[in-house]
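Participant: Below are the structure tokens for one structure; questions will follow.
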Amino acid sequence: GATKTEVYSNNEEDLAEIELSPECGPEVKQTIKAAHAEHSQEFNKDLTDGYNGYFGKRECQLNWSSEEMPIANKVRVANYDHNLKGLMQEMCDKLTEQGVLTIPQEQGVRVQAVCPSFLERKQRGKGKKHLLTAKDVRLIIKFNPVNEYIKNLPTPMVTTNNVFIKLKCWKHIVIFDLDKRIFQNHMAKDARPWLGLMTPFGGLRILKRSGQ
């Protein structure tokens, strides 16, 4: 993992991808550049390490609402044609290589629950008629079989009016496409048996990172 004493990496390539409004002056641009530099060591682009503990150890837990747990279930698999099933398997295999998913037998894990999954088109893939690629879709995992047994942590209620009041105070609004945010946070080992995923052709996998 990175430490506070390490030198930040050169992130000029990342900054080149950011679209800034003409109204943004040098001060705003410098603030954004400084934020990129500060967090450049926190994540790695290809997901192989995920969040590396730069700001302290973090693991995602499942906060069970009672002693009753999800039971083994029959999973509904998306009714895709062969090409889409192949694309979905390709994405699952890639996530396995990156350490986001893993094969249960290799980890000595007995899967207790399986969550359905499907592909959702990104903006760039909408209206596309020819063969879709991994860049056109995202893998969505529905945690409904587990969510009904999970207790939400207490959080403040936020109304639409609260949001507008807060937005009014800001001079600039930054809109992010946080595609590298997904699958960064590590799941605790005791939570993984409940986060099974059925792939089209590769059998069961389990999530080692938090999903979306």
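Participant: Among the listed pairs Lys85/Lys135; Lys29/Lys122; Lys74/Lys142; Lys94/Lys208; Lys85/Lys208, which are separated by more than 19 Å between their Cα atoms?
Facilitator: Flagged as over cut-off: Lys29/Lys122; Lys85/Lys208.
Participant: Count charges around Glu59 for me, please; just the other residues with Cβ under 15 Å from its Cβ, Lys/Arg as +1, Asp/Glu as -1.
Facilitator: +4
Participant: Further, regarding this structure: Show me the ranking of peptides 149-161, 47-59, 126-138, 195-207 by mean Cβ neighbours inside 10 Å, starting with the highest. Could the numbers behind the result be given before it?
Facilitator: Working: 149-161: 8.5, 47-59: 13.8, 126-138: 11.6, 195-207: 19.4.
Peptide ranking by packing, descending: 195-207, 47-59, 126-138, 149-161.
Participant: Express the relative contact order of the range 100-147 as a whole percentage, based on alpha carbon pairs under 8 Å and six or more residues apart in sequence. Provide the component values of the computation, followed by the final result.
Facilitator: Details: 42 pairs, mean separation 20.0, N = 48.
Once divided by the residue count of the range 100-147, the mean separation gives 42 percent.
Participant: Counting only heavy atoms of protein chains, what accessible area per residue, in Å², does the range 122-212 have with a probe of 1.4 Å?
Facilitator: Numbers: 6520 Å² over 91 residues.
It amounts to 72 Å² per residue over the range 122-212.
Participant: Convert each backbone phi in the range 138-155 into a coupling constant with the Karplus relation 6.51 cos²θ - 1.76 cosθ + 1.60 (shift: θ = phi - 60°), then list the ³J(HN,Hα) values in order as whole Hz, x for Gly and Pro.
Facilitator: 10, 8, 10, 10, 8, 9, 3, x, 9, 4, 5, 9, 9, 9, 6, 6, x, 9
Participant: For Val146, what charge total do you get from the other residues with a beta carbon under 14 Å from its beta carbon, if Lys and Arg give +1 and Asp and Glu give -1?
Facilitator: So the environment of Val146 carries a net charge of 0.
Participant: So for the range 78-212, averaging the separation of alpha carbon pairs under 8 Å that are six or more residues apart and normalising by length, what relative contact order in percent results? Walk me through the numbers on the way to the answer.
Facilitator: On the way: 161 pairs, mean separation 50.5, N = 135.
Worked out over the range 78-212, it gives 37 percent.
Participant: Please work out how much length the chain gains when fully extended from Trp64 to Tyr80, using 0.36 nm per residue of separation minus the C-alpha to C-alpha distance, in nm with one decimal.
Facilitator: Extending this stretch completely gives an extra 2.4 nm.
Participant: Additional query: With no solvent and one equal point scatterer per Cα, compute the Debye intensity ratio I(q)/I(0) for the range 31-150 at 0.09, 0.11 Å⁻¹ and report its log10, rounded to two decimals.
Facilitator: -0.38, -0.57
The values are calculated or read from the model by the stated rules, or taken from the named source; none is laboratory data. Only a predicted model underlies this, so the values are computations on that prediction, with no experimental measurement involved. Backbone-built Cβ (ideal geometry, glycine too); neighbour counts: all protein chains shown. Heavy atoms of the whole protein, side chains included, go into the accessibility calculation; ligands, DNA and RNA do not. Shrake-Rupley method; radii C 1.70, N 1.55, O 1.52, S 1.80 Å.
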